[in-house]
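Q: Sharing a structure with you now.
Every number here is computed from the coordinates shown, using simple stated rules; none is lab data. These numbers were taken from a predicted model, which means no experiment stands behind them. Here the Cβ positions follow ideal geometry from the backbone for every residue, glycine too, while neighbour counts run over all protein chains shown.
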Amino acid sequence: MNLHLIAIFFTIFICYSYDFLWRKALQKSKFSDERKSLITEYFKVILQLSVINILLLCGQYIGIFYMENGWIDYMLINVCFIPFLLIYYTLIRIDFSDRNYQTQKWALEKLKADRSEAELKFLKSQYHPHFLFNALNTIYFQIDDNNDEAKKSIEILSDLLRYQLYDIEKDVTLEQEITYLRAYITFQKMRMSQRLKLDIYFDPLLKEQKIHPLLFQPIIENAFKYVGGEYKIKIQLKLENSRIVFTVENTVSSMRQKEHPSTTGIGLSNLVKRLHLLYSGNYDFKYEQVDDLFFVKLILNTI
């Protein structure tokens, strides 16, 4: 009776142990459809099941198991017990695979919906730049010819709007993007205090590499918006080991130092969403505030 009870509890323990182990493994599995990968997976499962024989041998040696018919009992256990566990593994694998498929299908549908929504927002946003672009042309010709500074500001702003209108739907070269960024920085400087200290560096190696447009502009805009204290802004765009590295540092006011970095507004949040859609798995973006310095770093892998 004792030996039978021990065998029953051992069987229950083994079954629940394998169930727990396999479910944990399947939760992390990518469910590859490749035949070679599937064979390797089942080979590992069979190896795991072979542990039962080791436990049986150890149990018989210490006296808690009794194999009356010797190797025949081992054969019966392997022929009956192990195939049932393999069938069980197949059933839970099918269940996890189906859940994974449904999750991926839902994620794909959501991604399509998000992109459709983004395209709709973009089309709506075009009305405003077109209106401003035409309005600026009208204002430009109404300004007195002697007011060169105002005319220069309108020219720069027109170039910025033209870039946003006609180049945003396709990839651009980094040379084009840098030209835009220089114009944008020049325009921002016009409305800033004379005490602003600006340090800018664009790597001359960055020319023909392709990139999605307007990824750096929100970061620069954020720096100009929140700069304070010593009024310092440092902007660098470099090529490092086939990666595009963009960093921006700006000092902040004493009042701004007390705020959490997440209060930078929707600009950086929207940028993260764009990066996830355009460079999923191929970018690294982080920002932090330490005392009076706010730091942003964006790394893009060239693909």
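Q: Would you calculate a helix-derived [θ] at 222 nm for the chain, using -39,500 (n - 2.57) for each DSSP H run of n ≥ 4 and dividing by the full residue count, to the nearest 500?
A: My calculation for the chain gives -20500 deg cm²/dmol from helical runs alone.
Q: Could I ask something else about it? Longer than 30 Å from Cα to Cα, which of Lys152/Lys234; Lys105/Lys225; Lys189/Lys210 are they? Say none if no pair is.
A: Result: Lys105/Lys225 exceed 30 Å.
Q: Taking Rh as the Kirkwood radius computed over C-alpha pairs, what is the Stokes-Einstein D of the chain at 25 °C in a medium of viscosity 0.890 mPa s, expressed in µm² per second?
A: 97 µm²/s
Q: Using 18 Å as the cut-off for backbone N distance, which residues of segment 184-203 belong to the label zone defined by a point 7 Å from the Cα of Ile139 along Cα→Cβ?
A: 184-192
Q: Could you compute the net charge surrounding Leu196? Neighbours are other residues with a C-beta less than 14 Å from the C-beta of Leu196; K and R count +1, D and E count -1.
A: Here the charged neighbours net out to +4.
Q: Here is a further query. Ranked by Cβ crowding within 10 angstrom, fewest neighbours first, how are Ser253, Ser193 ordered?
A: Fewest-to-most ranking of Ser253, Ser193: Ser193, Ser253.
Q: Subtracting the Cα-Cα distance from 0.36 nm times the residue separation, let me have the gained length for Ala150 to Arg243 in nm, one decimal.
A: Between Ala150 and Arg243, full extension yields an extra 29.6 nm.
Q: Determine the distance separating the Cα centre of segment 265-303 from the Cα centre of segment 174-202; give it in Å without decimals.
A: 19 Å
Q: Kindly flag which residue pairs out of Lys207/Lys297; Lys24/Lys44; Lys112/Lys286; Lys238/Lys286 have an alpha-carbon separation exceeding 22 Å in this structure.
A: Lys112/Lys286
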